[in-house]
């Protein structure tokens with residue numbers, strides 16, 4: 001019996017280690033989540049829109065973007081609806097849905113990395129995703145940005161399958177996922193150029209062209225709700241697009257502005273790896289610069305091709321940002337967060353090949369410190385706060401027989417609506 005258990009553990013050790021990493025990552029994110037995470041403007045807006053759907057209204061406009069103030073597709077609200085239905089409109093439904101999204105993120109990251117690299121690279125990538133303070137914060141929040149890490153990784157895997165394996169049946173899948181991405185965030189604008197520049201490496205370019213052409217409906221079908229909403233709305237995306245072109249786009253390329261914007265397209269190196277901000281911004285360029293140089297002189301054709309595919313997820317946003325004069329935020333390039341870890345995987349493999357034992361010791365110490373530094377404040381959870389406090393504040397207001405006026409971005413107003421006016425318990 002003991003021997004059978006040993007054989008089972010040895011045979012399945014990679015999966016078992018992944019499950020431990022997964023359990024740690026989920027615990028850090030979601031243990032006592034109601035007491036530790038407040039609902040902000042985005043979560044309140046989502047709650048109102050989801051309530052509208054469950055009340056029988058047809059919602060065609062999705063979350064508003066920070067860039068250009070466009071409205072995305074509404075799918076996010078419809079995905080939330082079953083969870084709000086099961087919780088009787090309680091906003092905790094959003095947290096339950098986000099738990100499933102993070103399960104999806106973990107599985108996709110582990111599976112894709114295992115297929116592209118190897119078992120240990122998959123474990124390392126999963127560990128960084130599980131314990132990076134930035135990635136924990138951005139994915140434990142229930143909002144339309146949470147699935148980006150998993151979806152973008154899946155799109156990258158689709159591109160990899162087309163370019164590396166010649167599996168052209170992935171072309172419709174990539175088109176479908178890219179269209180789906182348009183319901184998550186405006187950074188979908190980076191994906192078509194990334195995909196097109198990646199497919200240059202495909203062997204059968206004619207097949208890629210015709211399959212791509214046939215697959216376009218799978219991309220454009222996702223825009224039907226937004227198109228219908230714009231037809232019946234005077235100040236919809238058409239107007240916003242004109243304003244965006246007029247006030248936010250720069251008409252020509254300027255080298256100085258391009259260099260200024262580089263920080264924005266490579267910022268995930270700083271956030272994912274918890275590098276010091278402000279006066280130490282140059283640190284975020286050290287690793288990608290070494291990576292680009294190594295890829296440029298890479299002798300292994302397969303690794304050179306993979307390096308090119310990864311590089312596009314940074315180079316394309318950098319070039320496109322050079323024509324955008326508005327405000328940015330770090331999560332506008334969240335789609336290349338996993339690519340940051342893939343750069344680390346590539347560099348570490350090179351270092352281990354060069355000097356295995358010293359590099360292994362150094363890297364082990366570095367990543368133990370990284371995990372400790374990033375997770376030290378997440379093990380001990382507050383027993384009271386977050387959404388739980390917001391609920392209690394609303395209940396006290398109701399007991400005092402005070403009213404809370406409608407406010408799209410105020411979760412207490414939503415709670416007042418469902419408890420007092422909708423009579424939900």
Highest GNM mean-square fluctuation among 86, 335, 249, for the chain with Cα springs under 10 Å, belongs to 86
Can you put 320, 55, 1 in order, fewest other beta carbons within 10 Å first? 1, 55, 320
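What ranking do 414, 78, 372 get, fewest neighbouring Cβ atoms within 10 angstrom at the top?
Working: 414 27, 78 16, 372 10.
Listing 414, 78, 372 from fewest to most nearby Cβ atoms yields 372, 78, 414.
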Log10 I(q)/I(0) at q = 0.10, 0.23, 0.24 Å⁻¹ for the stretch 265-365, from Debye over equal alpha-carbon scatterers, is -0.31, -1.33, -1.38
At what distance in angstrom do the alpha carbon centres of the stretch 253-278 and the stretch 127-183 lie from each other? 22 Å
Mind jotting down the distance between the C-alpha centroids of the stretch 3-22 and the stretch 360-417, whole Å? 34 Å
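At 0.36 nm per residue, and after removing the present C-alpha to C-alpha distance, how many nm does the segment from residue 283 to residue 420 gain when stretched out fully? If you can, show how the numbers build up before the last one.
Numbers: separation 137, 0.36 × 137 = 49.32 nm, distance 5.27 nm.
Gain on stretching residue 283 to residue 420: 44.0 nm.
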Sorted largest first, the C-alpha extents of the stretch 2-386 along its principal axes in whole angstrom are 65, 53, 46
Expressed in nanometres to one decimal, the distance between label points 7 Å along Cα→Cβ at residue 58 and residue 366 is 5.6 nm
I want to make sure I understand the PRE zone here: with the label point 7 angstrom from the Cα of residue 379 toward its beta carbon, which residues in the stretch 102-141 have backbone N atoms less than 20 Å away? 127-137
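Rank the residues 400, 360 as a footprinting-exposure proxy: fewest other Cβ atoms within 10 Å of their Cβ go first. Write down the numbers at each step before the final one.
Values: 400 7, 360 13.
Starting with the residue having the fewest Cβ neighbours, the order is 400, 360.
State, as an integer percentage, the relative contact order of the stretch 2-386 based on alpha-carbon contacts under 8 Å between residues 6 or more apart.
Dividing the mean separation by the residue count of the stretch 2-386 yields 22 percent.
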Gain on full stretching of the segment that runs from residue 327 to residue 10 - 0.36 nm per residue minus C-alpha separation: 109.0 nm
Where Rh is the Kirkwood radius over the Cα pairs of the stretch 1-135, the temperature 37 °C and the viscosity 0.692 mPa s, what D in µm²/s does Stokes-Einstein return? 188 µm²/s
Kirkwood-Stokes translational diffusion coefficient of the stretch 89-222, alpha-carbon pairs, 10 °C, 1.306 mPa s, µm²/s: 100 µm²/s
Project the alpha carbons of the stretch 183-227 onto their principal axes and report the range along each, largest first, in whole Å. 35, 21, 11
When you take every Cα atom in the stretch 109-172, what is the radius of gyration, and what is Dmax, the widest Cα pair distance, in Å? 13.4, 37
Run through all the Cα pairs of the stretch 329-410 and give the fraction in each 5 Å bin from 0, expressed as whole percent. 3, 10, 10, 12, 11, 11, 9, 8, 7, 7, 5, 4, 3, 1, 0
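What is the projected area of the convex hull of the Cα atoms of the stretch 257-299, averaged over all directions, in nm²?
Numbers: hull surface 13.7 nm².
Projected over every direction and averaged, the Cα hull of the stretch 257-299 covers 3.4 nm².
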Mind checking which of 41, 170, 313 has the largest fluctuation in a GNM of the chain, springs on alpha carbons under 10 Å? 41
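Each reported figure results from applying straightforward, stated rules to the coordinates on display, with no laboratory input. This structure is a prediction, so every number in the text was calculated from the model and none was measured. Positions of Cβ are backbone-derived with ideal geometry, glycine not excepted, and every protein chain shown enters the neighbour counts.
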